[in-house]
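The values are calculated or read from the model by the stated rules, or taken from the named source; none is laboratory data. The structure presented is a predicted model; accordingly, all values stated were derived computationally and were not measured. In this analysis, Cβ positions are derived from the backbone assuming ideal geometry, glycine residues included, and neighbour counts consider all displayed protein chains.
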Amino acid sequence: MCNKPSSTEESGERIAKFLARAGVASRREAEKLIEQGIVTVNGAVLTTPAFKVTPDMDIRVDGTRIGKPGPPRLWRYHKPDGLVTTHKDPQGRKTVFEALEGRLPRVISVGRLDLTTEGLLLLTNSGDLSRRLELPSSGWARRYRVRAYGRVRQSQLDSLKDGVKIDGVQYGPVRAQLDQQQGGNVWVTLSINEGKNREVRALMRHLDLQVNRLIRTAYGPFQLGKLRKNAIEEISGKQMREQLGKKICEEIGL
């Protein structure tokens, strides 16, 4: 068991931070992996997230060796519906990471899109970057195009602008624009900042609308644009520095 860092390890970095920088998981999720007993250092099972490591150590997660973290990278991915945003699905459904196998290094997602939601999903090799971009304090809006069965007036959509409480859950301010009525369906463009679980569907259901297609078109300054389904495109380091700003870049070591 690895319980107490040696004097040599004092000069390293905490294992959770190392795993986050290596794109294994966020720091919080890395701590859960340690609790599960699947993280080893030099062949010994790790029992504390306070343990410090150096790149020359043999660090493994569930038997897979984790290499030295590289510089933070970020990709745009056009997720089709029918894929789960998880590394392993207990129900056996196909995952985003299975669909991308062999096309990318080890990556994690910035937030999630549920099974039937399509559109822009950001992927990164940096757990620190993923966590930083997911925080509501980043102020980054997630924009969606929504097709839903039913009818709605712009005044009803405007009622969401100061936030709304639904089934005991408080949702933040929502910007929503009625685009068009098409037969029995309505198209709405909607922007949110928090991205709570199934938030868009809950908001539409609150207005008696049944979502039958949901497309994320933007996450902060990054756009889906004309990226075709299942296509992936790396965001350049220059663009990352321009869009993320100096503070975030310093935090993630870019």
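Leu33 fulfils the conditions (1) modelled with pLDDT of 80 or more; (2) part of a loop (DSSP other than H, G, I, E, B); (3) surrounded by 15 or more Cβ atoms within 10 Å (Cβ to Cβ); (4) not polar (S, T, N, Q) except for a single criterion, (2). Taken together, Ser155, Ser191 contain a single residue that is among the polar types (S, T, N, Q), outside any loop (DSSP other than H, G, I, E, B) and surrounded by 12 or more Cβ atoms within 10 Å (Cβ to Cβ), which is Ser191. The residue of region 82-101 that is surrounded by the most Cβ atoms within 10 Å (Cβ to Cβ), among those that are free of Cβ contacts under 8 Å to residues at least 40 places away in the same chain and either in a helix (DSSP H, G or I) or among the aliphatic types (A, V, I, L, M) (or both), is Leu83.
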